[in-house]
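The next block holds one structure in the form of structure tokens; read it before the comments.
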Amino acid sequence: MIHCDPVLCVGCRMCEVACSTFHFGAVSPALSRIRVAKLEAIGIEVAIACMGCAEKPCLECPTEALTVGARGEILLERDLCNACETCVEVCPVGAVGFFDEEPLFCDLCGGATSCIEVCPTYALSSRDAGISLAAYLEVEGLPRQKRAHYAESLAAPIRESWRRGVRVDA
Amino acid sequence: MSICRGRSLRIDLTTQEIDRGLTPDNGIGGRTWNSVTLLEQLKPGIDPLGPENLLCIAVGPLTGSELIATCRFIASAKSPLTGYLGDSGARGFFAPELRWAGHDQIVFTGASDRWVYLFIDNDRIEIRDASHLVGLDITETTVQLQTELHDPDIQVAAIGPAGEHLVRYAIISCNLTRAAGRTGMGAVMGSKKLKAIVVRGDRPVKPLDPQRFKAACALLQSNIEGHRQFESRRMYGTTRIMDSLAEMGVLPAYHYRSAVYADLAKVSAEALRRDHVVKSKACYNCNVYCSRYNYTSYSEGEGPEYEAQAGFTVKCGNSDLELGVHVSNMVNRLGIDCISTAEVIAWLMECRHEHVISDSDVDGIDLSWGSRDALLRIPQMIAQRQGIGDLLAEGTRRAAEKFGTSARKLTAEVKGLELFSADPRGIKGYALMNAVNSRGGDHYRGEPMIELTGDEDLAMRRVGNPNAAHRLAEDGKGALVNYAEHMGLLSDSMTICKNISCCMDVVDFDLAGEAYSGLLGRDITAHDLWKVCSRVSQVERDYNLREGLRPEEDTLPSRFIDTPIPDGPSKGTTVDIGRMVKDYYGEKGWEAGAR
């Protein structure tokens, strides 16, 4: 699955552009399966896509339209989906998109991982599925607020290093 | 010929009416639409801070597309600083969001009688109360709106206290620090009691000829990645030019009294990166990511770019870089243009040095070179119009009228707009650009950077004169500035970052033609685009002539014409500006500048 290092992410959103272009031939963040949470007032940003987490609350899908693929990615059976958005709402880090009555999960571009290819700072990399997001299961709010919360949860050690004098060349 | 036309929102802030229409039919996006709108719809002679002025915010067909760094919106209105056509672009992420919301231009008319903000969520458009935002700086306004709207991703373009107080060089900023900085567009927004514009959008931008568009995008990307400045721009952004300007001998140290700054190493790009830059930052879809986040013991924020870095250090004779960076953070939050603000402070310091004014003329502020007191207090006083700040908020031209002839002779402005942090005497193309362009004293209308390269082949290819490749040559600069103006206007219409398109010279009219053709799905040639830029450039000139512009104003302050650079590598240089202006008029086909 796609992992983003918040120390390296510069918030350019090239990953969103690459993702929506790869899947739809058009650009809009709403079409992207990876989204960049930007906390501009504290200088922190991080890209978030489905991490294939250990908890997988999205599998609560009431119509059983979701299954797990070979790499740990979530697969959608379109005919079964009734666009109830349960999966969108329960994702602890707001990583499930939704556009035109359809949830959007990172599908690793079928292996092409276009976001990793385009990322100019190498902040994005592949990581095995199965990381625990238990710490985020109780977070409330809209997906975009959960993404911001996730970014904020990564901020403290980075900002502490800035305070201690760690500079970009270090 | 019609190339592209966009959807235009018309917001009457007096009556609160919202109309949907179309942009002018004869542009290519961004500045071309705005300038035509203003020429056609503004009455001559209006008060720029009155309800008759229009504030136009435009993006273009390429904004928010896959083409790298199509990230800018252009704000245009009659300028309260110059009285002529004002416009300025801001990078970041607001512009693509506006495009995704399905709006290509917003035209604000009239003025509200209470503070409001405009809310846009695709087709849902509302004028909302902003009384709770009054007095907040740009960061506070942005965070407050994102919090109360439960949307940390929503894009906000706002004014700060300076815009509220009609400071004539107030800015409009998005993403906290990405400013439409020049010519006082924030003051026009403030005069309409419009505190912010908030936008959320999800409409896809889809090229109609995907293969052709993809090829143009790929060409631009490879032009950028193969560019000799690619790595240094990633490392230092625009601050990289501090050292090169020093090597050329065109630093404006102590307000143009010296081209040599002894403490350069303390305030250089390297020092900034070593001591204060904690990470790189990017604008929308940009692989150069040349912006940087700073952390100081006073404050933190994005920036500074070269202008703020040099303006608050070298120009003011301040060798304390950390203080300069903090002042940059502060003016961003207050919402004043860093170029004009640095020029105001440096000019006052020189006036005091020359005994033209004393500290008691400026509320007892210590105006010695590099004064911490001045750098910390003056921006606040300007933004709040407190004490002497009320006069300084009018800009150096108007303030100098108050301080007398000797003070006026020390100003560095053209048509009321303050000059950048470089010495035009040693970079003749930039000197001419400052003298003749529609905004006033401004280097960024388009960048005549070819004169800094020494690349005669490039100069031949672009403007047909190898001399244009040399910064101290005056020959060939009319053609160079005309070309650079066209490139600037093209960039302001593509809404692409000018640091990329103009300064790196990685976009030309052919590439732009391919991008427009791919996006719109029909043939648009380089020649088509050049013709539109020529015509709109004339529209801008016509607007200014209608407002009373006299050709005599196409000049530089006399200090750059009469007095040579006193020291350093360009020692002894002055500018024969009259000769170059004539050359430029010839390129434009103007009789003695009448048109």
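Which whole-number percent gives the relative contact order of region B:108-192, counting Cα pairs below 8 Å spaced six or more residues apart?
22
What is the spread of the Cα atoms of region B:285-345 along each of their three principal axes, largest first, in whole Å?
36, 24, 21
With each label point set 7 Å from Cα along the Cα-Cβ vector, what nm distance links residue B:122 and residue B:525?
4.1
Convex hull over the Cα atoms of region B:250-362, averaged projected area in nm²?
Approximately 8.0 nm², given one-decimal rounding.
List, in order, the whole-Hz ³J(HN,Hα) value for each residue of region B:314-330 obtained from phi through the Karplus relation with A = 6.51, B = -1.76, C = 1.60 and θ = phi - 60°; use x for Gly and Pro.
3, 5, 9, x, 9, 9, 8, 4, 4, 4, x, 5, 4, 4, 4, 4, 5
Once a ≥ b ≥ c are taken as the square roots of the eigenvalues of the Cα gyration tensor of chain B, is the result rounded (a/c under 1.5), prolate (a/b larger than b/c) or oblate (a/b not larger than b/c)?
Taking the square roots of the gyration eigenvalues as a ≥ b ≥ c, chain B is rounded.
Given R₀ = 60 Å, FRET efficiency for residue B:219-residue B:368 by Cβ-Cβ distance, to 0.05?
About 0.70, to the nearest 0.05.
Under a 5 Å amide H to amide H cut-off, with H placed in plane at 1.01 Å, what residues pair with residue B:73 once short-range neighbours are removed?
HN-HN under 5 Å from residue B:73: B:90, B:95.
Around residue A:154, with a cut-off of 11 angstrom between Cβ atoms, what is the net charge of the other residues, counting Lys and Arg +1 and Asp and Glu -1?
It works out to a net charge of -2.
Within region B:267-295, which residues have the backbone N less than 18 Å from the label spot 7 Å out from residue A:122 along Cα→beta-carbon, could you tell me?
Only B:279-281, B:287-289 fall inside the zone, counting backbone N under 18 Å.
Set the Förster distance to 56 Å, then compute FRET efficiency between residue B:247 and residue B:591 from the Cβ-Cβ distance, nearest 0.05.
Working from the Cβ atoms, E equals 0.90.
Considering every pair of different Cα atoms, what Kirkwood radius, in Å, is found for the protein assembly as shown?
Its Kirkwood hydrodynamic radius stands at 26.3 Å.
Report relative contact order for chain B in percent, whole number only (criteria: Cα-Cα under 8 Å, sequence separation at least 6).
16
About the Cα centre, and with charges only on the beta carbon of Lys, Arg (+1) and Asp, Glu (-1), how big is the dipole of region B:166-208? Nearest 20 debye, please.
So the magnitude is around 80 debye.
Name the residue farthest towards the positive end of the dipole of the protein assembly as shown from the options B:580, B:389, B:92, assuming +1 on Cβ of Lys and Arg, -1 on Cβ of Asp and Glu, about the Cα centre.
B:580
From the helices alone, meaning DSSP H stretches of at least four residues, give me the mean residue ellipticity at 222 nm for chain B, per-run term -39500 (n - 2.57), in deg cm²/dmol to the nearest 500.
Result for chain B: -11500 deg cm²/dmol, rounded to the nearest 500.
Of the cross-linked pairs B:281/B:571; B:43/B:498; B:78/B:531; B:498/B:582, which ones have a Cα-Cα span greater than 29 Å in the structure shown?
The answer is B:281/B:571; B:43/B:498.
What ³J(HN,Hα) values, in whole Hz, does the Karplus curve 6.51 cos²θ - 1.76 cosθ + 1.60 give for region B:119-136 when θ = phi - 60°, with x put for Gly and Pro?
Per residue, the Karplus-derived 3J(HN,Hα) values read 10, 10, 10, 6, 7, 7, 10, 9, 9, 10, 5, 10, 4, 6, 9, 4, x, 6 Hz.
Going 7 Å from the Cα of residue B:535 along its beta-carbon direction, which residues of region B:543-587 have the amide nitrogen within less than 17 Å of the resulting point?
B:543, by backbone N distance to the label point.
Taking +1 at the Cβ of each Lys and Arg and -1 at the Cβ of each Asp and Glu, which of B:215, B:264, B:248 sits farthest along the dipole of region B:203-327 towards its positive end, judged by Cα position relative to the Cα centre?
Final value for the positive-end residue is B:215.
Given Cβ point charges of +1 (Lys, Arg) and -1 (Asp, Glu) and nothing else, what value in debye, to the nearest 20, does the dipole of region A:2-157 about its Cα centre take?
Value, rounded to 20: 460 debye.
What nm distance separates the two modelled labels at residue A:59 and residue B:131, each placed 7 Å from Cα along Cα→Cβ?
5.4
Quote the relative contact order of region B:198-325 in percent (integer), defining contacts as alpha-carbon pairs under 8 Å separated by 6+ residues.
Result for region B:198-325 is 23 percent.
Determine, for B:381, B:460, B:189, the number of other Cβ atoms within 10 Å of each Cβ, and report the residues in order from fewest to most.
Least to most surrounded, the residues fall as B:460, B:381, B:189.
Give, in nm to one decimal, the length gained when the segment between residue A:132 and residue A:71 is fully stretched (0.36 nm per residue of separation minus the Cα-Cα distance).
So the extension gain works out to 20.4 nm.
Using θ = phi - 60° and the Karplus curve 6.51 cos²θ - 1.76 cosθ + 1.60, what whole-Hz ³J(HN,Hα) does each residue of region B:98-105 get, with Gly and Pro shown as x?
4, 5, 5, 6, x, 10, 9, 8
Could you check the simple spin-label distance between residue A:80 and residue A:140, using points 7 Å along Cα→Cβ, in nm with one decimal?
Placing both labels 7 Å along Cα→Cβ, they lie 3.1 nm apart.
Do me a favour and compute the ellipsoid semi-axes for region A:20-170 from its Cα gyration tensor, root of five times each eigenvalue, largest one first, whole Å.
Listed largest to smallest, the semi-axes of region A:20-170 are 28, 18, 14 Å.
Projecting each Cα onto the charge dipole of region B:180-288 (Lys/Arg +1, Asp/Glu -1 at the beta carbon, about the Cα centre), which of B:190, B:280, B:180 comes out farthest on the positive side?
B:190
Can you list residues from other chains, or at least 5 along the same chain, whose modelled amide H is less than 5 Å from the amide H of residue A:99?
A:104
Mind checking the log10 I(q)/I(0) for region B:81-133 at q = 0.23, 0.26, 0.30 Å⁻¹? Debye, one equal scatterer per Cα, no solvent, two decimals.
Here the Debye-derived log intensity ratios amount to -1.12, -1.15, -1.16.
Amide H to amide H under 5 Å from residue B:155: which residues, 5+ apart in sequence or cross-chain, H placed 1.01 Å off N in plane?
Residues meeting the amide H criterion: B:199.
Could you please report the charge total around residue B:420, scoring K, R as +1 and D, E as -1 over all other residues with beta-carbon less than 14 angstrom from its beta-carbon?
Local net charge: -3.
Please arrange B:100, B:115 by how many other C-beta atoms lie within 10 Å of their C-beta, fewest to most.
Ascending Cβ contact count within 10 Å gives the list B:115, B:100.
Give the calculated FRET efficiency between residue B:402 and residue B:579 to the nearest 0.05, with a Förster radius of 56 Å applied to their Cβ-Cβ distance.
0.95
So if I place +1 on the C-beta of Lys and Arg and -1 on the C-beta of Asp and Glu, and nothing else carries charge, what would the dipole magnitude of chain B be about its Cα centre? I want it in debye, nearest 20.
So the dipole magnitude of chain B works out to roughly 500 debye.
Quick note: the coordinates plus some simple rules give every number you see, no bench work behind them. What you see is a predicted model, and the numbers here were worked out from it, not measured in a lab. Quick reminder, even Gly has a Cβ in these numbers, built from the backbone with ideal geometry, and neighbours come from all protein chains shown.
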